[in-house]
Amino acid sequence: MGKDIRSFPLPKIDESHDTANGVPREIFEESTIELNVEDATLSNSLNTEQRAAYDEILSAVDAMRVACSLWMDLEAPGRFFLYNALLATIRGQNKIAVATTTSGVAASIMPGGRTAHSRFKIPLSIADGAFCSFTKQSGIAKLLRTACLIIWDEASMTKRHAVEALDNSMCDIMS
């Protein structure tokens, strides 16, 4: 309408309340997830299969490999126990770990969990060659570049196109 926002009687922005200090909202949210004290000790109670997966994933994170993909076939209760142990360990080291699932119910079980469609901005109508709805400069792109670990529970239950859209977008933002 040709007007400047300063022409409206709005209160001034008080920058002293901005605790993010210029950090993108997505990274700020992930880095401020409170650690559950009980989750920090979960790694001591892992069974043999969970311990093997836990050690392999943490060694990949410690080696800072550019890409690490690990498919596990764990029984339903065991995988969330492992996920929570991994999330607590990584976040306890002040690193970024992103927890996503295909369904909203499963997302509520993991600390900071969100659905993959919400976190990765996967379009609802999707076809071959699609990309997620975020740009290279967006907060989500910065979050994904910063993350040491991305957990996507039930990835095998989603459409192939959604996984490929995330792969296409990850390749694009990682250049």
Query raised in the report: Is there a residue being in a helix (DSSP H, G or I) and modelled with pLDDT under 90 anywhere in the range 83-98?
Result: no
Query raised in the report: Residues 106, 85: which one is closer than 24 Å to residue 40 by Cβ, touching a Leu at 6+ places or on another chain (Cβ under 7 Å) and either buried (at least 19 other Cβ atoms within 10 Å of the Cβ) or polar (S, T, N, Q) (or both)?
Result: 85
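Here is a yes/no grid of residues against (1) at negative phi; (2) assigned to a loop (DSSP other than H, G, I, E, B); (3) touching a helix residue (DSSP H, G or I) at 6+ places or on another chain (Cβ under 9 Å):
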| site | (1), (2), (3) |
| --- | --- |
| 119 | yes, no, yes |
| 123 | yes, yes, yes |
| 126 | yes, yes, yes |
| 129 | no, yes, yes |
| 132 | yes, yes, yes |
| 135 | yes, yes, yes |
| 141 | yes, no, yes |
| 144 | yes, no, yes |
Report task. Could you please find all residues in the range 49-79 being more than 27 Å from residue 146 (Cα to Cα) and either surrounded by 14 or more Cβ atoms within 10 Å (Cβ to Cβ) or modelled with pLDDT of 90 or more (or both)? Result -> 49, 74, 78
**Report entry** Scope the range 98-130; condition within 20 Å of residue 82 (Cβ to Cβ) and either without any contact (Cβ under 8 Å) to a residue 12 or more places away in the chain or of a type in the set (A, V, I, L, M, F, W, C) (or both); matching residues
**Finding:** 98, 99, 105, 106, 107, 108, 109, 110, 116
Query - When residues of the range 93-117 are limited to those that are within 10 Å of the chain's Cα centre (by Cα) and not polar (S, T, N, Q), the one farthest from residue 153 (Cα to Cα) - result: 96
Query raised in the report: residue 151 versus (1) under 22 Å from residue 56 (Cβ atoms); (2) assigned to a loop (DSSP other than H, G, I, E, B); (3) hydrophobic (A, V, I, L, M, F, W, C): which is the lone unmet condition?
Result: (2)
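The values are calculated or read from the model by the stated rules, or taken from the named source; none is laboratory data. Keep in mind that what you see is a predicted model, and the values were worked out from it rather than measured. Glycine gets a Cβ as well: all are built from the backbone with ideal geometry, and neighbour counts include every protein chain shown.
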